[in-house]
1. Quick one: A:T324 ticks every box in (1) closer than 28 Å to A:A414 by Cβ; (2) in contact with a helix residue (DSSP H, G or I) (Cβ under 8 Å, 6 or more places away or on another chain); (3) more than 14 Å from chain B (Cβ to nearest Cβ) bar one, so which box is it?
2. Residues that are within 13 Å of chain A (Cβ to nearest Cβ) and of a type in the set (V, I, T), at least 1 per element: which strands (runs of 3 or more DSSP E) completely within the range B:1-97 meet that?
3. Given the structure, is A:S152 touching a residue at least 12 places away in the same chain (Cβ under 8 Å) and either closer than 17 Å to A:D82 by Cα or crowded, with 20+ Cβ neighbours inside 10 Å (or both)?
4. Over 17 Å from A:E83 (Cβ atoms), touching a Pro at 6+ places or on another chain (Cβ under 9 Å) and buried (at least 20 other Cβ atoms within 10 Å of the Cβ), is that true of B:I75?
5. Go through the range A:50-102 and count every residue that is part of a helix (DSSP H, G or I) and within 14 Å of chain B (Cβ to nearest Cβ).
6. So in the range A:215-231, with the set limited to residues that are in contact with a Leu (Cβ under 7 Å, 6 or more places away or on another chain) and assigned to a strand (DSSP E or B), which one is nearest to A:A189 (Cα to Cα)?
7. Just checking, which of A:V351, A:V376 is outside any helix (DSSP H, G or I), hydrophobic (A, V, I, L, M, F, W, C), under 19 Å from A:L399 (Cα atoms) and more than 24 Å from the chain's Cα centre (by Cα)?
Amino acid sequence: MRDSASGLAYRGRTASIGFAQGPFVRVDAGANGERVAGTLVDEALALRSAIDTASRQIAELAAIAGGEAAQILEFQVALLDDEDLISAILASIGEGEAADAAWRAALDEQIADYNSAPDEYLKARSSDLADLRDRVLNILRGGEGHALRIPSGAVVCADDLPPSRFLEIDWSGGGGLALLHGSPTSHVAMLARARGIPMVVQLGAVPAAGATALLDGEGATLELDPSVEQIGLFEKRREMHRKSRASARAILRRPAASWRGERIKLLINIQRVEDLDYPDAQYADGVGLMRTEFLLSERGLPDEETQFQVYDQVLRWADRRPVTIRTFDAGGDKPVPGFTSDGEANPFLGVRGLRLCLAKPEIFAVQLRALARAAVRGNLKVMLPMVTSADELEAARKLFAEIVQGLQAKGTAAMLPELGIMVEVPAAALSIASFKSAFFSIGSNDLAQYVLACDRSNGALAPMMDPLHPAVIELITRTAEHGRRAGIPVSLCGDMASDPRCIPALLDCGLRELSVNVSALAQIKQTIDRLGGGGGT
Amino acid sequence: MLETSNVNGQFFTGNVRLVHAVGMHARPAVKLTKLAKKFEAQISVRVAGAADWINAKSVAKIMAMRAAHGSIIEIKAFGGDAEAAVTALVDLIATDFPDGTA
């Protein structure tokens, strides 16, 4: 067994990046013997007492852990305090079952129910339930749930690891977590990311034996009893990772990016409010693109209040920094039942973006009302997607102005925010001077697909989908030049802005404002800094 | 949203839209059951149109309800403080489970 494991590498999925090298410790659910059932009263009392002990242990853990972890544990305490759940177990005990068997059966039923859910979130919660199940079982079987003895800096390997077990391990000396199953969206993965502990999940079968291990959270690999060469390569990867993170993060904390003496504004693209929790987000100059389609992805169309709350949250986060919210960009490759048109032969050239919103004013009006109310709460800009001609911008402006007037007439605080357009239809880029737009934001993904006549969802065309094609660059340059002449801000929010290889070309085009994915912010700032330091391209 | 109506003697009902971004998951479920337990009244909830009413004081059942973001939650309560219970629960859900409640 040991020999077969030696030098082998296993690949899983990344749940938390980072590197760990240390003793390999396999953790499995404790296998204490089963209880011999006492009298009905004994068993009922044993269950009550085990629940009390478990509640106390979890409360203590929560007090030490605090924050996110405490909230996870609070759910377990609430389950122990659930009379409906407990009375069903007491009923089984009343029928002669032992306390541990009755408890296990009830919890297993819940776990199976969560695992059958189509929802990733609920699936991930099943490990919280398994954690609770094992804790109470352990107490019922006389184990009293003593802490796991794990050497400092160990690579801990388990089938799945419940959050409370994660918290019992002393991670102060580093270490890593390798799970055979598990999920990157589980609570324990959130905890590992928060603590900076590398974690790889879904490794499949890994031998139980092994003395030392290397865990690479980036490459999602686990190497057991590594050879000298394996260790050498691992250390090289770890050092590269450390250097690039350290220098990128140091640059992030500097006040602003600049290139050839000019300030380059770096904003972020967000899909949903939670994206702002990413620690790097605070260093952005604002939100350059907030997509609102996620509001449509849940069941039904969102009402005005739901939308207002979401927009208001982002504006409060941004404080005085600008927040550009894009109106619903549905259609194309983003169909929405009850909103987009079915059966278009060519949806990318169909009724999508602003075209769709103007065709369904009853849905668009709800969003514009929420935006008009949010506009008084911060530095809001509203961006219209998929605009072809100036008439469309004016039609949207007219509708928006009427909505603002209507709200104000009713005494609701509202105002017309700055209104701008996405530049993604080649016709708009070529007639840019015809738009009375407060700002322009270049949607390079769609612009490239339309200019190059390549469906961007067609993998066979990937090699041809070059955003640096001279025709695309020409249109970006013209838009940036027009902005500079007319004094209108121009930014770019497509994937190009998050790709370091495209940055020199974008700066040469005259762009001084880019909106990037939060996870790319540090790297892009570093890229600009290096170009600036080296005198540009 | 905050409609509380006296239907029949001591029954009180209310409807409220679930605005929480991820739906009725662990944290909101814990807050809801904690608040419900502060009242004497029997309190039941369901996703609008669902067949069964479930006990608002059972976190396991609230989780199993799998109420999605944007769904309408119906609340009914019976007993001495039923009206206050419905008002409090509607308020908790409508204000998106603020911290420091329950």
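Read the figures in this text as sums done on the coordinates, not as results from a lab. All values reported here derive from a predicted model rather than from experimental measurement. All Cβ positions, even for glycine, are placed from backbone atoms using ideal geometry, and neighbour counts span all protein chains on display.
1. So the condition that A:T324 fails would be (2).
2. In the range B:1-97, B:11-17, B:42-47, B:72-78 are the strands (runs of 3 or more DSSP E) which contain 1 or more residues that are within 13 Å of chain A (Cβ to nearest Cβ) and of a type in the set (V, I, T).
3. no
4. For B:I75, the condition - over 17 Å from A:E83 (Cβ atoms), touching a Pro at 6+ places or on another chain (Cβ under 9 Å) and buried (at least 20 other Cβ atoms within 10 Å of the Cβ) - is not met.
5. 26
6. A:L215
7. Criteria check complete, one pass: A:V351.
Condition check ((1) surrounded by fewer than 21 Cβ atoms within 10 Å (Cβ to Cβ); (2) more than 13 Å from chain B (Cβ to nearest Cβ); (3) in contact (Cβ under 8 Å) with a residue 60 or more places away in the chain; (4) within 17 Å of A:H181 (Cα to Cα)) across all residues:
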{"site": "A:R104", "(1), (2), (3), (4)": "yes, yes, no, no"}
{"site": "A:L107", "(1), (2), (3), (4)": "no, no, no, no"}
{"site": "A:I111", "(1), (2), (3), (4)": "yes, no, no, yes"}
{"site": "A:P118", "(1), (2), (3), (4)": "yes, no, no, no"}
{"site": "A:L129", "(1), (2), (3), (4)": "no, no, no, yes"}
{"site": "A:L132", "(1), (2), (3), (4)": "no, no, yes, no"}
{"site": "A:R135", "(1), (2), (3), (4)": "no, yes, yes, no"}
{"site": "A:L140", "(1), (2), (3), (4)": "no, yes, yes, no"}
